[in-house]
Amino acid sequence: ADQSAAALASLQEASGNLDTVNQKVAEAEAKLAEFESAADRADNRAEAARESIAALENDTDALRTQFFDLQDEIEVAKAAETAAAAKAKDMEDALAALTANREALDKSVRELSDQSDTLESQIDTARETLTSTKGETDAMTAQLDEIAKDIEAMNTTRSDIIAEVEALTVQNEGLSADARAARDALDQANVELETATAQQRSLEDEIGNLTDSRDAAQAELAELADAQAAAEAEIARLTAQNAALQQAASEAEIPENSLSIAGTFKGENVVASFTDGRFKLEAQNGQTVDGAYTLHGYVIRLSDVTGPLSPMFPVSCRLDHSGDTLALAPYQGSCAALSGLTLTKE
């Protein structure tokens with residue numbers, strides 16, 4: 001009886017220790033689950049940050065390509081502007097030369113017209129003189145012929161000059177149209193250059209903003225990586241602590257004792273015998289269960305059962321021993337079929 005009381009006291013103390021250890025294990029597992037959840041959230045945020053950085057880098061590459069294309073367009077526009085300006089300058093120089101030439105020709109025409117008028121006046125005077133002085137007919141006639149030839153030559157020269165002036169006028173009008181087209185092209189090139197420059201500034205600003213966003217995302221990723229590393233370290237520490245607690249629990253769960261249940265016990269509708277690690281249960285209806293048993297502290301394990309009832313085994317039951325009486329109770333979810341069975345030693 002004293003040994004049974006001491007064994008019960010030892011079992012109760014071990015049970016209290018087990019409850020404490022199980023509570024610590026549950027707390028450690030809860031904390032471990034919390035840190036694993038935090039690690040998962042950190043992984044998700046890190047993955048989202050990586051995807052955001054990849055998208056920002058793709059956008060930056062696309063904008064950089066567009067930026068370089070705009071720079072090429074700006075260079076082409078600048079070259080077109082330079083060529084248009086040079087062509088406009090050449091047109092203006094040619095127009096100025098033609099204008100000066102036309103003015104000189106106009107002056108020559110006016111001078112020839114004045115000379116023609118003078119000669120015609122002289123012819124009229126000569127005719128009047130011829131009429132009044134018929135004695136000088138031959139000399140005057142010869143002079144008149146020469147003057148008529150000179151007039152004809154001057155008229156021919158004047159016609160040629162007029163035709164050349166008209167041709168120069170037509171050419172001048174064409175050059176004026178080309179100059180206007182060159183000026184229009186120059187204006188268009190200036191507009192395109194201003195537009196491309198504005199787009200370039202906008203792209204530079206956008207690239208700057210994307211660079212800032214990427215730097216911020218990388219900084220956040222670094223922070224998440226640090227947090228993840230800290231969480232993983234804490235998880236490792238809690239895992240080790242949990243393993244230690246579980247080891248302690250397993251060591252404290254089933255204390256060693258010298259309890260012996262060898263013999264035959266009788267219950268309400270069953271007879272049980274325990275001999276040399278083997279057990280046998282015989283029910284009043286004739287069913288028999290035969291197998292092996294092991295006893296660890298207050299826990300009995302029934303196994304190695306054959307026959308129709310073998311699917312119900314193995315089971316582990318809590319064994320309450322008081323004097324010549326054995327009572328079976330559930331242990332860690334097992335022993336439901338035998339729970340409540342009370343046996344008395346014969």
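The values are calculated or read from the model by the stated rules, or taken from the named source; none is laboratory data. Remember, it's a predicted structure, so these values are computed and weren't measured experimentally. Please note: Cβ atoms are built from the backbone with ideal geometry, for glycine as well, and neighbour counts cover all protein chains shown.
List of remarks:
- Residue check for LEU210: closer than 30 Å to ALA54 by Cβ, surrounded by 12 or more Cβ atoms within 10 Å (Cβ to Cβ) and of a type outside the set (Gly, Ala, Ser): yes
- For segment 60-79, the criterion of being at pLDDT 80 or above, assigned to a helix (DSSP H, G or I) and either among the aromatic types (Phe, Trp, Tyr) or closer than 30 Å to GLY297 by Cα (or both) is met by at least one residue.
- Selected residue (only one of ASN269, ASN242 is in contact with a helix residue (DSSP H, G or I) (Cβ under 8 Å, 6 or more places away or on another chain) and at pLDDT below 95): ASN242
- Of the residues making up segment 280-307, those that are outside any strand (DSSP E or B), under 19 Å from LEU259 (Cβ atoms) and either touching a Leu at 6+ places or on another chain (Cβ under 6 Å) or charged (D, E, K, R) (or both) number 1.
- Meets criteria (under 30 Å from ALA62 (Cα atoms) and either in contact with a His (Cβ under 6 Å, 6 or more places away or on another chain) or free of Cβ contacts under 8 Å to residues at least 40 places away in the same chain (or both)) for GLU223: yes
- Residue check, ASP124 among the acidic types (Asp, Glu), modelled with pLDDT of 70 or more, surrounded by 13 or more Cβ atoms within 10 Å (Cβ to Cβ) and in a helix (DSSP H, G or I): no
- Of all residues in segment 26-51 being at pLDDT 85 or above and within 14 Å of ALA222 (Cβ to Cβ), the one that is surrounded by the most Cβ atoms within 10 Å (Cβ to Cβ): ARG45
- The sole residue among ALA96, ALA153 that is out of contact with any Asp or Glu (no Cβ under 6 Å at 6 or more places or on another chain), modelled with pLDDT of 80 or more and farther than 30 Å from ALA77 by Cα is ALA153.
- Beta carbons closer than 7 Å, at least 6 apart along the sequence or on distinct chains, pair a first residue in segment 42-57 that is closer than 18 Å to ILE207 by Cα and in contact (Cβ under 8 Å) with a residue 12 or more places away in the chain with a second that is in a helix (DSSP H, G or I) and of a type in the set (Ser, Thr, Tyr) for LEU56/SER213.
- A single entry from ASP59, ASP93, ASP72 fulfils the requirement of being among the charged types (D, E, K, R) and touching a Leu at 6+ places or on another chain (Cβ under 7 Å): ASP59.
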